[in-house]
Amino acid sequence: MQPAQEFGDNPVEVRETGHYTEEYVPSFVEKWDSLIDWEKRADSEGNFFIDLLRKWGVKSVLDVATGTGFHSVRLLAAGFDTVSADGSADMLAMAFENGTKQGGHILRVVQADWRWLNRDVHGEYDAIVCLGNSFTHLFSERDRRKALAEFYAMLKHDGILVLDQRNYDAILDDGYTSKHTYYYCGEDVTVEPEYVDEGLCRMRYHFPDDSVYHLNMFPLRKDYTRRLMSEVGFQRVETYGDFQHTYRGEQPDFFVHVAQKE
Ligand code: SAM
């Protein structure tokens with residue numbers, strides 16, 4: 001029997017940084033990866049991140065939110081010296097397997113929670129990437145500051161942090177009544193906010209076999225994330241709107257922040 005997601009009697013009260021390891025159960029992750037195949041995902045994302053890192057002269061990258069390895073594998077294939085970290089051992093196991101399947105890449109994986117990154121990962125990097133709307137899993141400002149400070153410390157003096165996030169301003173400001181539904185890569189996977197307040201966005205993932213999963217996330221406002229990055233010491237933060245990986249009308253679905261250490 002595979003473990004099921006556990007949110008208890010009152011799921012909207014689950015607002016805890018450490019809960020992510022119980023949300024990414026293997027059946028959810030396997031389904032996601034099999035439906036949104038990597039080729040389609042790569043087509044819709046294009047070379048945005050690869051081009052960006054090359055533009056900055058990056059050679060070494062620490063992927064702190066490896067997940068099932070999509071970005072780590074793309075980075076390795078593009079020639080970046082890449083280390084793949086994640087707080088979930090299940091995710092890293094899947095990423096390692098995916099790496100060997102997709103082009104025979106041997107991922108260098110390290111299990112590490114961002115709040116204690118320096119304890120478990122060694123070295124300094126030209127870039128740290130935290131992609132796929134991952135930073136949203138941190139539920140307290142203290143944890144967000146701690147994680148950003150850990151990222152900052154692991155960058156070389158001229159390094160950059162590339163961190164993306166969903167456009168939560170659109171969800172929060174349009175109110176709970178106008179629901180947003182996201183259709184992924186043309187597949188029948190729908191993602192929509194089931195509950196929203198300033199401290200929680202509970203997303204519902206519906207798959208074509210009628211299975212349903214949830215993720216509880218903190219709805220980061222764009223300017224708030226930018227401010228935190230500046231406050232922990234990043235000198236400049238540039239924010240891009242989207243690389244079109246889903247379609248949702250005029251507003252971007254995602255923001256990508258590029259924070260410079262010097
Ligand atoms: N970047 C991948 C992608 O785009 O497919 C994975 C994104 S997935 C939404 C978020 C990942 O962040 C998960 O693998 C989760 O285990 C990891 N994560 C969440 N909070 C974390 C934390 N505090 N420390 C380390 N990893 C964390």
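Count of region 105-118 residues, restricted to those that are over 13 Å from GLY69 (Cβ atoms) and more than 12 Å from the ligand (Cβ to nearest atom), is 1. Among residues of region 59-68 being modelled with pLDDT of 95 or more and buried (at least 24 other Cβ atoms within 10 Å of the Cβ), the one that is farthest from TYR24 (Cα to Cα) is VAL61. Just to be sure, is VAL29 more than 19 Å from GLY132 (Cβ to Cβ) and assigned to a helix (DSSP H, G or I)? No: the conditions fail for VAL29.
Residues that are outside any helix (DSSP H, G or I) and away from the ligand (no atom under 15 Å from the Cβ) were ranked within region 47-75; the one that is farthest from HIS157 (Cα to Cα) is ASN47.
Here is a check on your reading of the model: is LEU163 closer than 15 Å to GLY67 by Cβ, in a strand (DSSP E or B) and at pLDDT 95 or above? It is true that LEU163 is closer than 15 Å to GLY67 by Cβ, in a strand (DSSP E or B) and at pLDDT 95 or above.
Looking across region 120-144 at every residue that is part of a helix (DSSP H, G or I) and under 17 Å from LEU220 (Cβ atoms), the one that is farthest from the ligand (Cβ to nearest atom) is identified as GLU141. Yes or no: region 201-221 includes at least one residue that is modelled with pLDDT of 85 or more, among the β-branched types (Val, Ile, Thr) and not in a strand (DSSP E or B). Within region 201-221, none of the residues are modelled with pLDDT of 85 or more, among the β-branched types (Val, Ile, Thr) and not in a strand (DSSP E or B).
The C-beta contact set for region 10-28 (first residue under 16 Å from ALA89 (Cβ atoms) and among the acidic types (Asp, Glu), second residue within 11 Å of the ligand (Cβ to nearest atom) and at pLDDT 80 or above, distance under 9 angstrom, 6+ apart or interchain) comprises GLU23/HIS137; GLU23/LEU215. For region 6-24, does any single residue satisfy the condition of being of a type outside the set (A, V, I, L, M), within 15 Å of the ligand (Cβ to nearest atom) and in contact with a Cys (Cβ under 7 Å, 6 or more places away or on another chain)? Looking through region 6-24, none of the residues is of a type outside the set (A, V, I, L, M), within 15 Å of the ligand (Cβ to nearest atom) and in contact with a Cys (Cβ under 7 Å, 6 or more places away or on another chain).
The values are calculated or read from the model by the stated rules, or taken from the named source; none is laboratory data. If you're wondering where the values come from, they're calculated on a predicted model, not measured in any experiment. Here the Cβ is made from the backbone with ideal geometry for all residues, glycine too, and neighbour counts use every protein chain on show.
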